[in-house]
Amino acid sequence: MSTIAVLGTLDSKGHEHAFVADLIRSRGHTPLLMDAGCLEPPQVQPDIARTEICPGISALPEDRGQRVAAMAAALPEFVAKLAVDGRIQGMVALGGGGGTAIATSAMRGLPVGFPKVMVSTLASGNTAPYLGTKDITFIPAIVDVAGLNRISRRIFTNAAGAICGMVEMAAAAIEPKDVKPLVVASMFGNTTASVNEAKRIVEGAGYEVLVFHSTGTGGRIMESLIESGMVAGVLDITTTEWADEHVGGILGAGPARMDGAAKAKVPCIITPGCLDMVNFGEPQTVPDKFKGRTFYHHNPQVTLMRTTPEECAALGRILAEKANVCTAPVTVLLPLKGISIISAEGQPFHSPAADRALFDAVRSHLKPGIPLVELDCTINDPQFAKACAERLLASL
């Protein structure tokens, strides 16, 4: 059977984690009790001591915040090695605020698909900082993780059942014999036609294409997958998250967006898809500083703002600079008649001056030797999608 890490602050929640460990053992699996406690001695005997995870923790001042931060920093590399070495096949943890921060830092060090369950008092709130870009299953603790009672026993039993079920299914999973190499693609509603057509062509050539929605989280997850080494090529047709990141919208993906292909040294296609738009929520959520700008109400919950020529010039430079650091083959493609559905002629975001500023910035900042393909069509024209797909396939 499998070995499941039971990770927790055993100085304050040792008995609760021991309860889960016993349940895992009753299912025929081997629990590996790991102590991530930071102050008092553990309440139960761990299989892995805190000093094995973070050797210098005892020498730190007895300040909870400082020690929690040190433990959270040490855990990702430690548990990743356990997984790579085949010593664990799953992980479960219980925690309040500090315990959730510590345990999820460890879980974020594990690969996508690796079974991970977090019972947390924070599970009903904003879990995004704890999830990062990983598939952590959160279970609301309902009551505080502070002893065993009629509620907590039920919740902890469910968590033990969940992690055991996950590792059992993972062990039973049969990979297809014809596993295809992966290509990832970025998409938005305004580039759906282009991405779908490029996907069809690439899949027809024998690849599996995973599409990510360029909503901030989607871009971060895509970058994480690229960096993992699982990806053979990148169709970054929709780089719109950079418009939000640069201008101040709600769907930015952070400054590392578009760095994955360079770090993993995989072929990449880059286009300025949907850089004409910055995303906000309902109209009243748009900051006052943008009063007087051009807006488009995509739906009652989504307000789009047209980027200006000045903003587009900066975005074109960013795209070129991201391409310039790639060492694997990279091609930049420009759809000269529209970078989204609503920026084409006759549409509400049509702005020749803004598009010209964007394209000129790409041309002037792109390093000599990097292919720049300019097509006299919109981004959703089948001709553009075909060019993106064929250029990528030629690089793979």
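Taking the residues in region 126-160 that are assigned to a helix (DSSP H, G or I) and hydroxyl-bearing (Ser, Thr, Tyr) as candidates, determine which candidate is surrounded by the most Cβ atoms within 10 Å (Cβ to Cβ).
TYR130
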Which condition number in (1) farther than 18 Å from THR240 by Cα; (2) assigned to a helix (DSSP H, G or I) is the one that GLY369 fails? (2)
Let me confirm something: among VAL145, VAL119, which residue is modelled with pLDDT of 95 or more and either among the β-branched types (Val, Ile, Thr) or closer than 16 Å to ALA93 by Cβ (or both)? VAL119
Quick one: in region 349-366, of everything that is not in a helix (DSSP H, G or I) and not hydroxyl-bearing (Ser, Thr, Tyr), which residue is nearest to VAL325 (Cα to Cα)? LEU366
Go through (1) closer than 25 Å to GLU208 by Cα; (2) of a type in the set (A, V, I, L, M, F, W, C); (3) buried (at least 23 other Cβ atoms within 10 Å of the Cβ) and name the single condition LEU396 misses. (3)
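Within region 109-125, restricting attention to residues that are buried (at least 19 other Cβ atoms within 10 Å of the Cβ) and not hydrophobic (A, V, I, L, M, F, W, C), which residue is nearest to LEU75 (Cα to Cα)?
Of the residues in region 109-125, the ones buried (at least 19 other Cβ atoms within 10 Å of the Cβ) are 109-110, 114-122.
Add one more test, that the residue is not hydrophobic (A, V, I, L, M, F, W, C), and what stays is 109, 115-116, 120-121.
Working: GLY109: 8, PRO115: 17, LYS116: 14, SER120: 18, THR121: 21 Å.
Applying the filter and picking the extreme gives GLY109.
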Against the condition surrounded by fewer than 22 Cβ atoms within 10 Å (Cβ to Cβ), assigned to a strand (DSSP E or B) and in contact with an Asp or Glu (Cβ under 7 Å, 6 or more places away or on another chain), how does VAL209 come out, does it pass? yes
The listed residue being free of Cβ contacts under 8 Å to residues at least 40 places away in the same chain and either of a type in the set (Val, Ile, Thr) or touching a strand residue (DSSP E or B) at 6+ places or on another chain (Cβ under 6 Å) (or both), out of VAL68, VAL6: VAL68
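Do we have any residue at all in region 213-228 that's within 21 Å of the chain's Cα centre (by Cα), assigned by TED's automatic domain parsing to the domain that holds HIS246 and part of a strand (DSSP E or B)?
Step one: filter region 213-228 for residues within 21 Å of the chain's Cα centre (by Cα), giving 213-228.
In the following step, the residues that additionally are assigned by TED's automatic domain parsing to the domain that holds HIS246 were identified as 213-228.
From what is left, the residues that are part of a strand (DSSP E or B) are 213.
Yes, the conditions are met somewhere in region 213-228.
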So, in region 258-294, how many residues would count as being surrounded by fewer than 17 Cβ atoms within 10 Å (Cβ to Cβ), touching a Lys or Arg at 6+ places or on another chain (Cβ under 8 Å) and under 30 Å from LEU396 (Cβ atoms)? 1
For region 232-252, name all the residues that are surrounded by fewer than 22 Cβ atoms within 10 Å (Cβ to Cβ), outside any helix (DSSP H, G or I) and not small (Gly, Ala, Ser). ILE250
Exactly one of THR308, THR378, THR327, THR303 is without any contact (Cβ under 8 Å) to a residue 40 or more places away in the chain, β-branched (Val, Ile, Thr) and either exposed (fewer than 15 other Cβ atoms within 10 Å of the Cβ) or in the same structural domain as CYS274 (by TED's automatic domain parsing) (or both), and that residue is THR303
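The values are calculated or read from the model by the stated rules, or taken from the named source; none is laboratory data. What you see is a predicted model, and the numbers here were worked out from it, not measured in a lab. Every residue, glycine among them, receives a Cβ derived from its backbone with ideal geometry; neighbour counts consider all protein chains shown.
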